[in-house]
Amino acid sequence: MAFCALIHKHQPHLIDYDSLDKNNAEANLELAFSVAEGLGIPRLLDVEDVNVEKPDERSVMTQVAEFFARFAARQVHSCAHRHAAEMKWKAAGVWGDRARGAVAGRF
């Protein structure tokens, strides 16, 4: 439901978050990825990549970075820029003390 929540936060008219079935992760992921593609966000993951007990953290963070990059580009939310930067740093494996210091206190 997290990917649906990201879309709903920035484009609430695209996903009715309250109507999602929390017990149907596969359908929720497919919905989120399909809607995201319509927004120009590339599908870097398949439902099967995420709907596992322990998905690959870097792959998920890379997909999340794409979400935030798109929302920041559309200026949907003023803080999207710093979230996208954090996600990109984490995805690139450079999220350390220096990167944390650059955005400390901004969340």
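The values are calculated or read from the model by the stated rules, or taken from the named source; none is laboratory data. Please read these numbers as outputs of a predicted model, since none were measured by experiment. Please note: Cβ atoms are built from the backbone with ideal geometry, for glycine as well, and neighbour counts cover all protein chains shown.
I'd like to check something: does the range 2-9 contain any residue that is of a type in the set (V, I, T), at pLDDT 95 or above, in a helix (DSSP H, G or I) and in contact with a helix residue (DSSP H, G or I) (Cβ under 8 Å, 6 or more places away or on another chain)?
Restricting attention to the range 2-9, the residues satisfying the condition of being of a type in the set (V, I, T) are 7.
Narrowing further to those that are at pLDDT 95 or above: none.
Within the range 2-9, none of the residues are of a type in the set (V, I, T), at pLDDT 95 or above, in a helix (DSSP H, G or I) and in contact with a helix residue (DSSP H, G or I) (Cβ under 8 Å, 6 or more places away or on another chain).
Pick out the one residue from E53, E48, E66 that is farther than 20 Å from E86 by Cβ, assigned to a helix (DSSP H, G or I) and not polar (S, T, N, Q).
Details: E53 fails: assigned to a helix (DSSP H, G or I); E66 fails: farther than 20 Å from E86 by Cβ.
The conditions single out E48.
Restricting to the range 1-49, count the residues that are under 12 Å from the mean Cα position of the chain (by Cα) and among the β-branched types (V, I, T). Show your work before the answer.
Of the residues in the range 1-49, the ones under 12 Å from the mean Cα position of the chain (by Cα) are 1-10, 29, 32-33, 36, 41-45.
Restricting the remaining residues to those that are among the β-branched types (V, I, T) gives 7, 41.
Residues flagged as under 12 Å from the mean Cα position of the chain (by Cα) and among the β-branched types (V, I, T) within the range 1-49 amount to 2.
Could we say that V50 is at pLDDT below 95, among the β-branched types (V, I, T) and on the phi < 0 side of the Ramachandran plot here? First the steps, then the outcome.
Numbers: at pLDDT below 95: yes; among the β-branched types (V, I, T): yes; on the phi < 0 side of the Ramachandran plot: yes.
The answer is yes for V50.
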